[in-house]
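*Asks:* Sending over a structure as structure tokens; questions will come in a sec.
Taken together, the values in this text are just the output of simple stated rules run on the coordinates, not laboratory data. Owing to the predicted nature of the structure, the values given are computational and were not obtained by experimental measurement. Because the Cβ atoms are built from the backbone with ideal geometry, glycine has one as well, and the counts that use them run over all protein chains shown.
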Amino acid sequence: MAGRSAMPAGDDRPSAPRLTRAATRARALLGRWRCCVGGRCAVCRGWCDGRLCAHCDARFAFPRARCGGCALPLAAKASGEDALCLRCRLAPPPWSRVVAGVDYGYPWDRALADLKFHQRLEPIGALLGPLTAALADMHASDVRVVAVPLSRERLRERGYNQSWELARRLARTLALEARADALFRVRDTGHQLGLHRSERAKNLQGAFVVAPRHAAWVRGARIALVDDVLTTGATARAAARTLRAAGARDVQVWVVARTPAS
Ligand SMILES: [Zn+2]
Ligand SMILES: [Zn+2]
């Protein structure tokens, strides 16, 4: 046995123990999502004991190695949670890490549209499963959770902020503190589609503010900013910069889905 323990750790399978631990934690977190609800699979509507049936889970919720800066899939095998693509190494984003659960596309696009526009909150469990699993080994207990806010007009129109609905459930599962009104949007920036990168950034300037009564909660804290989809990242960048300017020690961005590069 002595000879065995003297063997260099992970001689034949270098990262096996770490991967196994991460996989076990991920499975346990996913299990927590599944154990409480039985019913129909959120994707194929087949009967199952959770939010996604085993078939859809394997087909649509598989983990991918992603860039820690933009969450696009990395071409090479992941070389750790801090791996960055070339573009992010050259122009680092204003957050320390972004974590995405899945690529934006079928079937998640449908569930996200239902959540955003049709007041259907039932798919939230299935939507959060892959993100929760991706975060299993990546979050610390002192992270404080906020959501990308809607403007007051948009909130009144929609009745709820889908990002906050995701954020508060995620925070509950991960046992983290979350506040709905720490970050707010002082003006509606309209649709960003069709705007160039610099126009988007300009359009979003001054769009977010940390509420004065939550300033102490943000100052010096590690903040996770939750959103449903990350596409250009302009909105998340503006919100992250606001949090950093308010004294947040660290900002991470956690999203359900990442739009693939076109
Ligand atoms: Zn299914
Ligand atoms: Zn990147």
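*Asks:* Going by amide H atoms built from the backbone, whose H comes under 5 Å of the H on residue 254, apart from near neighbours?
*Replies:* So residue 254 has HN proximity to 99, 225, 226, 227.
*Asks:* So for the stretch 66-258, Kirkwood radius off the Cα pairs, Stokes-Einstein at 25 °C and 0.890 mPa s: how many µm² s⁻¹?
*Replies:* 146 µm²/s
*Asks:* Quote the charge dipole size of the stretch 66-258 about the Cα centre in Debye, to the nearest 20; the model charges only the Cβ of Lys and Arg (+1) and of Asp and Glu (-1).
*Replies:* Using only the charged Cβ atoms, the result is roughly 540 debye.
*Asks:* Right, next: Each label point is 7 Å from the Cα along the Cα-to-Cβ direction; what then is the distance between the points at residue 62 and residue 209, in nm?
*Replies:* In this crude spin-label approximation the distance works out to 4.8 nm.
*Asks:* For residue 117 and residue 153, compute 0.36 nm times the residue count separating them, minus their Cα-Cα distance, and round to one decimal in nm.
*Replies:* Taking 0.36 nm per residue and subtracting the Cα distance, the gain is 11.4 nm.
*Asks:* Report the calculated FRET efficiency for residue 109 and residue 137 (r = Cβ-Cβ distance, R0 = 35 Å), to the nearest 0.05.
*Replies:* 0.80
*Asks:* Which of 177, 157 has the fewest other C-beta atoms within 10 Å, and how do the rest follow up to the most?
*Replies:* 157, 177
*Asks:* Then there is this: What are the trypsin sites (Lys or Arg not before Pro) within the stretch 86-155 that DSSP puts in a loop, where the Cβ has at most 15 other Cβ atoms within 10 Å?
*Replies:* Sites meeting the loop and neighbour criteria: 120.
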